[in-house]
Amino acid sequence: LNTMDTSGFVEDAGSFLIAPDATLSDDGANLSSLTATITNPLDVDSELLSADVTGTSIGWSYNQSTGILTLSGTDTVANYKQVLRTIKYENTSDTPYNTIRIINFGAKDTGNNESDISTSTVSVASTNDAPTAQDNTITIAEDTTHTFSVGDFGFSDADGDSLHSVII
C-alpha cells in the first residue's frame, strides 16, 4: 500500500481526492478491508472522508467522531485499489484550521494479514468568506438625530472579522 500523495484542500471548493495515484498489491487475489484515518482531525464535526464504491462489492462507512473511513467486503485487489484512489477529504467548516491533516491508510487481506501503514498529508487552506448584512428600516422623529450602530445592519461574518465600514 503506497499513498504518498500530498494534497491540498481549499475551503468552499468541494471535496478533494487524497491519493489518486495510490498503489496497492497483495500476494493473494482478494482483500477484506481498508481503512483511512484522519489522525489529527481539528474540525471534527465538519471533516469527512468518503469513497466511490460503484461497480464493486465493497461497502464504506465513516465514523465522524473517530475520523475513520472503513471500506469492507471481500473483493479483488484491483477493485480496492480503484476505490482507494477515489477517497476524498471534505471540510464544511466556514473557518477550518489551516493545519496539515495526516491520513493513515491500512489494508487487510482475506487471510487477516495487515499491510504496513501508508501516510498521505492534506493541507487545508481557509478562505475569507464575505460578510453578510440585512436590510433594516429605522424610523426616527423629524428634527432628531440617530447614531447608527453595528446592530442596525444585521452584520455577521463567518470568519469572525469585525465591521470595518458601512456605506449608505
Subset of segment 114-160 that is modelled with pLDDT under 85 and in contact with a Gly (Cβ under 9 Å, 6 or more places away or on another chain) - its residue that is most open to solvent (accessible area, probe 1.4 Å): Asp135
Qualifying position, being among the β-branched types (Val, Ile, Thr), more than 30 Å from Asp129 (Cα to Cα), surrounded by 13 or more Cβ atoms within 10 Å (Cβ to Cβ) and touching a residue at least 60 places away in the same chain (Cβ under 8 Å), among Thr37, Thr110, Thr70, Thr56: Thr110
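Per-residue answers, yes or no, for (1) closer than 30 Å to Asn30 by Cβ; (2) in contact with a helix residue (DSSP H, G or I) (Cβ under 6 Å, 6 or more places away or on another chain):
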residue: Leu48; (1), (2): yes, no
residue: Asn98; (1), (2): no, no
residue: Ala125; (1), (2): no, no
residue: Ala133; (1), (2): no, yes
residue: His146; (1), (2): no, no
Criterion: among the small types (Gly, Ala, Ser), assigned to a loop (DSSP other than H, G, I, E, B), over 19 Å from the mean Cα position of the chain (by Cα) and more than 30 Å from Gly160 (Cα to Cα) - qualifying residue of Gly73, Gly111: Gly111
Members of segment 87-107 that are outside any loop (DSSP other than H, G, I, E, B) and either open to solvent by 40 Å² or more (accessible area, probe 1.4 Å) or touching a Gly at 6+ places or on another chain (Cβ under 8 Å) (or both): Lys88, Glu90, Ile102, Asn104
Subset of segment 41-53 that is part of a loop (DSSP other than H, G, I, E, B) and acidic (Asp, Glu) - its residue that is surrounded by the most Cβ atoms within 10 Å (Cβ to Cβ): Asp43
Hits in segment 6-19 (condition: open to solvent by 50 Å² or more (accessible area, probe 1.4 Å) and not hydroxyl-bearing (Ser, Thr, Tyr)): Val10, Asp12, Ala13, Phe16, Leu17
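The values are calculated or read from the model by the stated rules, or taken from the named source; none is laboratory data. Small disclaimer: the values here were computed from a predicted structure and weren't measured. So basically every Cβ, Gly included, is an ideal-geometry build from the backbone, and we count neighbours across all protein chains shown. Only protein heavy atoms, including side chains, enter the accessible area calculation; ligands, DNA and RNA are left aside. Shrake-Rupley method; radii C 1.70, N 1.55, O 1.52, S 1.80 Å.
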